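The values are calculated or read from the model by the stated rules, or taken from the named source; none is laboratory data. Note that the structure is a prediction, hence the values are computed from the model and not measured. For neighbour counting, all protein chains shown are included, and Cβ atoms are generated from backbone atoms with ideal geometry for every residue, glycine included.
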Amino acid sequence: MFTALDPLAVAAGLGFGLSLIVAIGAQNAFVLRQGLLRRHVAAVVAVCALSDAVLIAVGISGVGLAVDRLPVLMVVVRIGGAVFLTGYGILAARRALRPASLSPGADADDAAGRPSPGLLATVGTCLALTWLNPHVYLDTVVLLGSVANSHGESRWLFGIGAVLASLIWFTALGYGARLLRPVFAKPIAWRILDGAIAIVMLAIAVSLLLGI
C-alpha cells in the first residue's frame, strides 16, 4: 500500500489539502463559532477531520470516478444540502437580529436566554454541514482523489499529507478561535459574525440549487 517515505508527496498533499480547506464555507463558519463558544470543540474538530480523512481515502481508492458518474446522487445531496443550509442560515440571521455578548463563564446563547445545543445536536449539525455539501465531495473525493492518484505509488502518502492538513486546520480554527473572545464581548461582534454566517449559508444554498 505504501512505498518508501516520500516527504515531497506528503508535503504536496499537505499544501493541496490546505488550499482546499482554508476557505470561507459552511463547515469553517460552524467550527469558528463553536470555538468562540468553547462548546464541544474537540468533538467538532474530530468530526470534521475524520470526515475529511474518510472522503480523502474514498477518493484515492478510485471511488471518486464512480461519484462523478452518478449525477442523480449528486442532485439529491445538492437539494438536501440546500434545504439544510437554508434553515441554518435563517437561524443565524435570527441570532444576528438578537445578538449577545460573551461574559466570563457564559456563552452567547446563555446570554441571550437560548438553550445551548447538546453534544449530539452539535455533532449532528456538524455531520450535516459536512456530508450534505456536494462541494465537499467534489473537492475531496473527485479533485483531491484525482490529484493524489497522479502521484502513482506515492498517492497514499499524498493522502496522508491532505489528512494532516485537515487535522491541523480544524484544530487551529477550533481552538485558536478563543483568542478572539475579547472581541466578541460586544454584541455587535456577534451580530457581524452571525450575519456573515447567514450570508455564507444562504449563498451556498442558492449555489447548490442553481447547480453552481
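Summary table
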read-out: Close pairs from segment 24-41: first touching a residue at least 60 places away in the same chain (Cβ under 8 Å) and part of a loop (DSSP other than H, G, I, E, B), partner buried (at least 21 other Cβ atoms within 10 Å of the Cβ) and not hydroxyl-bearing (Ser, Thr, Tyr), Cβ under 8 Å, at least 6 apart; value: Gly25/Asn133; Gly25/Ile204; His40/Gln34
read-out: Failed criterion for Val83 (all others in (1) part of a helix (DSSP H, G or I); (2) out of contact with any Cys (no Cβ under 6 Å at 6 or more places or on another chain); (3) closer than 26 Å to Ala177 by Cα; (4) modelled with pLDDT of 75 or more hold); value: (3)
read-out: Residue in segment 90-109 that is under 14 Å from Asn133 (Cα atoms), assigned to a helix (DSSP H, G or I) and at pLDDT below 75 present; value: no
read-out: Residue selected from segment 138-153 under the condition hydroxyl-bearing (Ser, Thr, Tyr) and surrounded by fewer than 21 Cβ atoms within 10 Å (Cβ to Cβ), by the criterion nearest to Leu32 (Cα to Cα); value: Ser146
read-out: Subset of segment 156-192 (residues that are at pLDDT below 85 and in contact with a Phe, Trp or Tyr (Cβ under 9 Å, 6 or more places away or on another chain)); value: Phe184, Trp190
